[in-house]
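What follows is a single structure, written as structure tokens, with notes after it.
Taken together, the values in this text are just the output of simple stated rules run on the coordinates, not laboratory data. If you're wondering where the values come from, they're calculated on a predicted model, not measured in any experiment. As a convention, Cβ positions derive from the backbone with ideal geometry for all residues, glycine included, and neighbour counts pool all protein chains shown.
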Amino acid sequence: MLISLVIIHNIPLYIPSAPLLFHLAITLQPGDFLIRNLLGVDPRQGAIAIGDRVRKGQRLQFHLRDRETSADDLRILLRHYTDSEPGQPPTTAIGALMFSCLGRGYGLYGTPNFDSQVFGQYFPGIALGGFFCNGEIGQVGAQTFLHGYTSAFAIVHRAS
């Protein structure tokens, strides 16, 4: 079980009161979430502990990590980046680095090299190097965060 902090329009979303939450017409999209570990629960205190600071009124959402959703999210983000279907890469990409969480790979997908193979579908013929991490640096909106359970890519382009 994981928990996420909702990030929308490049700022964390804070809701001053619970009734206001039901009046907001916000549609959450892939990429609007900053996933954090659920560290513990204390039912006597009615408290949960997560791996980040949470402000009063901040919107949280629980997530279950599964291979199908993870694979779909990877494909959605790569398709969005390339603005194309698999096999049609941006012509300026000349290489890439992938930083993938230790919690992904064979343990999540049941097959080795899953993320790099999906990357290759969207960037065929583009050289890819990288390594497994325990924390990946990447963006949610225009802010940079330390992530977990993700693959972060640095795509290299020719200078204009």
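Rounded to the nearest 0.05, the FRET efficiency derived from the C-beta distance between D72 and R158 at R0 = 25 Å is 0.20. Annotation: amide H-H contacts under 5 Å for R36 (H modelled 1.01 Å from N, sequence separation of 5 or more, or interchain): I3, S4, L5. Give me the distance in nm between label points sitting 7 Å out from Cα along the Cα-to-Cβ direction at Q58 and L128, one decimal. The two pseudo-label positions are separated by 3.2 nm. Here the dipole of region 49-160 is about 400 debye; that uses its Cα centre as origin and unit charges on the Cβ of Lys and Arg (positive) and Asp and Glu (negative).
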